[in-house]
Amino acid sequence: MDVLARELRNAAPDLAAQFAASRPTVRRNSGFGFFTEVLVPPERPASGPTGEFGTAHVLIAGLADPVAFRVRLRNGRMLGLLGDSYGQDTRSIDFAAVPFDQVFTVDSAGRSVPAEAVPDAGRSPAVQTPRPPSPPPPPAPVLIRPPADLEAPPRPAPAPEPAPSPHAAADLSDEDRTTLRVGLWAGLFALGSVLVLVFDLPIPAAFIAAVVAGRFLQTDRGLDLLRRTLASLQQAARERQA
């Protein structure tokens, strides 16, 4: 929460004070993260941005990849705290008690920034809150993908992630992209229907899994991966026929 308050100090300068004065009312584990609804004192003026904000990430016990944290605001008033595991199963995770480490944010270039390096300038003294000592930062910054398809910094010695090929999706026309996206959502719908009807997968879980997969596969990298997979399958089919 302290990292989110510092990261969003310009958009919501009193966020730290809201964290300190709020109390949780509802905690929900979605199976792929969580949402904690909070109650903020009513005298807080309703002014400011509306939406979900923040790029804070942590590694928590029991999960291989980081969990993203965002705060939900309405007119600057905090409504709750969200956690997104990027498709990792969190049904057995008690977010209120699970230990965590390696707190970091993600900058506009997709690089991880240790929590200690998040700028603190510009905060009002009234919203400063004491923090316990933080663990030392990783040996070096780690290049990671943006939050939609985040990969965890490898431990114990993080290394830069290989950069994607500059020609990964350059040869896809607008018509190809549209065709792949239509086929993608149709395939995800069909797969979700099979999982729900045949394997009794809960509909909310199938919906969330489809949204997570769709978010990644609609990126340039995801479309290129989908195109290359389809091309490989076609080539294999032609070889079998030959």
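For region 98-113: of the residues being surrounded by fewer than 19 Cβ atoms within 10 Å (Cβ to Cβ), not hydrophobic (A, V, I, L, M, F, W, C) and not in a loop (DSSP other than H, G, I, E, B), which is modelled with the highest pLDDT?
That would be ARG111.
Out of all the residues in region 83-97, which are open to solvent by less than 50 Å² (accessible area, probe 1.4 Å) and hydroxyl-bearing (Ser, Thr, Tyr)?
SER85, TYR86, THR90
Could you grab the pairs with beta carbons closer than 9 Å, sequence gap of 6+ or different chains, first residue in region 48-59 and within 11 Å of PHE100 (Cβ to Cβ), second one surrounded by fewer than 19 Cβ atoms within 10 Å (Cβ to Cβ) and among the basic types (Lys, Arg)?
Correct list of pairs: LEU59/ARG155.
Checking THR25 against (1) surrounded by 18 or more Cβ atoms within 10 Å (Cβ to Cβ); (2) part of a strand (DSSP E or B), only one condition comes out false. Which one?
(1)
The rows are residues; the columns are (1) within 17 Å of the chain's Cα centre (by Cα); (2) among the aromatic types (Phe, Trp, Tyr); (3) not in a loop (DSSP other than H, G, I, E, B).
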{"position": "ALA20", "(1), (2), (3)": "no, no, yes"}
{"position": "PHE35", "(1), (2), (3)": "yes, yes, yes"}
{"position": "PRO41", "(1), (2), (3)": "no, no, no"}
{"position": "ALA56", "(1), (2), (3)": "yes, no, yes"}
{"position": "LEU59", "(1), (2), (3)": "yes, no, yes"}
{"position": "PHE69", "(1), (2), (3)": "yes, yes, yes"}
{"position": "GLY80", "(1), (2), (3)": "yes, no, yes"}
{"position": "GLY83", "(1), (2), (3)": "yes, no, yes"}
{"position": "GLY87", "(1), (2), (3)": "yes, no, no"}
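Go through region 60-81 and report how many residues are within 20 Å of VAL103 (Cβ to Cβ) and among the basic types (Lys, Arg).
Residues of region 60-81 that are within 20 Å of VAL103 (Cβ to Cβ), as a first pass: 60-72, 78, 80-81.
Adding the requirement that they be among the basic types (Lys, Arg) leaves 70, 72.
So the answer is 2.
Does THR36 meet the test of being surrounded by fewer than 20 Cβ atoms within 10 Å (Cβ to Cβ) and modelled with pLDDT of 90 or more?
yes
I need the full set of residues from region 33-74 which are closer than 14 Å to TYR86 by Cβ and out of contact with any strand residue (DSSP E or B) (no Cβ under 7 Å at 6 or more places or on another chain), in order please.
Result: LEU63, ALA64, ASP65.
The values are calculated or read from the model by the stated rules, or taken from the named source; none is laboratory data. None of these values were measured; they are calculated from a predicted model. Glycine also receives a Cβ, built like all others from the backbone with ideal geometry; neighbour counts cover every protein chain displayed. Quick note on the areas: whole protein, heavy atoms, side chains included, nothing else; ligands and nucleic acids left out. Shrake-Rupley method; radii C 1.70, N 1.55, O 1.52, S 1.80 Å.
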